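Everything below concerns the one structure shown next.
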Amino acid sequence: MTGAGRYAPSPSGDLHLGNLRTAVLAWVLARRSGRAFHLRVEDLDRVRAGAEQRQLEDLAALGIDWDGPVVRQSERGGAHAAAIADLQEAGLVYECFCTRREILEAPSAPHAPPGAYPGTCRDLDPGAQEAGRARMAQLRRAPALRLRAGVDRASVHDMFAGTVTAAVDDLVLRRGDGVVAYNLAVVVDDAAAGVDQVVRGDDLLTSAPRQAHLARLLGLPVPEYAHVPLAVNRDGARLAKRDGAVTLRDRLELGESAAQVMGRIGDSLGLPGCTSAADVLARWDPAAPPDAPWVVELPG
Ligand code: GLU
């Protein structure tokens, strides 16, 4: 096998049909191309007790298998710290003393997209840095660490969307509470696992360019991306627990089988009659990817 794909759920609750469809597609695209497939639990944040085990069971119930041990992001602190140290050595990290509110209220730089970090702390003189540290100490917080991005946009290639260009700002590498930021962890962990194909929900499409930029600065290979449409409810809002019986567990409780739930996922891809992920592997044509969100309408 050369290269690897992956699925990287956050263990914040049970996987719903949209999450499961994304996992199936990630598995199918990896296996189709002879890649390994890895599972990584993104447990730096938003952890619910027991969710990880339940997610793994649900993926297995649909016929998804994976290679090697499940990686937990919380166990990768050494690698995350080493990557930040490399960037520091290259002069690409600075301390940020801004509160969230200050960032929101700061005038944004010309042409910067809304929400982009305006660069307030990028070039503070040593005196201002000392004052910032003292203020943080009073707030009992550490300064966040930010990347000196050096660019304001970057591009990646997406298997479905083609060339995607999006804004890159001085993104956070380590938060004020000491937790490593998702953008850093995902880049470091994918590269360490040999992941060269990233298939995930298209809510992360505009994050791919910043992640690719970070990978390049770290001297890591940029993976191939494939972002797939999310599942939504009848109103077009992202599918969520409040939409009713939307998880595999919910469907099983209503008397459906895992094969029937897999059938729903297959139907959404225009493949009636699927009973396991292997059926999608055998039949799905990635040249005709879903091009709109999956509007989930369920009985029960
Ligand atoms: N853990 C993220 C999520 O569950 C996915 C991150 C990724 O695939 O890069 O939304």
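Computed 3J(HN,Hα) for segment 183-198, one whole-Hz value per residue from the Karplus formula 6.51 cos²θ - 1.76 cosθ + 1.60 where θ = phi - 60°, is 4, 6, 4, 5, 5, 5, 6, 4, 5, 5, 8, x, 6, 10, 9, 10, glycine and proline marked x. Each label was represented as a point 7 Å from its Cα along the Cα-to-Cβ direction; for Leu254 and His157 these points are 4.2 nm apart. Look at Arg210, Arg46, Arg153 and count the other Cβ atoms within 10 Å of each Cβ; fewest to most, that gives Arg46, Arg153, Arg210. Taking the convex hull of the alpha carbon atoms in segment 29-122, what volume per residue do you get, in Å³? Looking at segment 29-122, the number lands at 209 Å³ per residue. A P(r) calculated from all alpha carbon pairs of segment 185-283, with 10 Å bins opening at zero, reads 14, 31, 29, 22, 4, 0 percent. Extension gain for Arg122-Thr165 works out to 13.1 nm (0.36 nm per residue, less the C-alpha to C-alpha distance). The convex hull built on the alpha-carbon positions of the chain has an orientation-averaged projected area of 16.8 nm². Taking the Cα centre of the chain as the origin, how large is its charge dipole in debye, to the nearest 20, when only Lys and Arg (+1) and Asp and Glu (-1) carry charge on their Cβ atoms? Rounded to the nearest 20 debye, it is 420 debye. With θ taken as phi - 60° and the Karplus curve 6.51 cos²θ - 1.76 cosθ + 1.60 applied, the whole-hertz 3J(HN,Hα) list for segment 217-222 is 5, 8, x, 9, x, 8 Hz, x standing for glycine and proline. With θ taken as phi - 60° and the Karplus curve 6.51 cos²θ - 1.76 cosθ + 1.60 applied, the whole-hertz 3J(HN,Hα) list for segment 137-143 is 4, 5, 7, 6, 10, 8, x Hz, x standing for glycine and proline. Using amide H atoms built in the peptide plane, which far-off residues or other-chain residues are under 5 Å from Gly13 H to H? Those qualifying (amide H under 5 Å, at least 5 residues apart or on another chain) are Arg48. Taking label positions 7 Å along the Cα-Cβ direction at both Ala137 and Asp235, the computed distance is 4.9 nm, reported to one decimal. Among Glu95, Glu105, Glu42, the largest mean-square fluctuation in a Gaussian network model of the chain, built with springs joining Cα atoms closer than 10 Å, belongs to Glu105. May I ask for the distance between the Cα centers of segment 246-284 and segment 79-149, given as a whole number of Å? Each part reduced to its Cα centre gives a spacing of 46 Å.
Since every read-out is calculated from the coordinates, none of them should be taken as a lab result. Please read these numbers as outputs of a predicted model, since none were measured by experiment. Cβ atoms come from the backbone with ideal geometry, glycine included; neighbour counts cover every protein chain shown.
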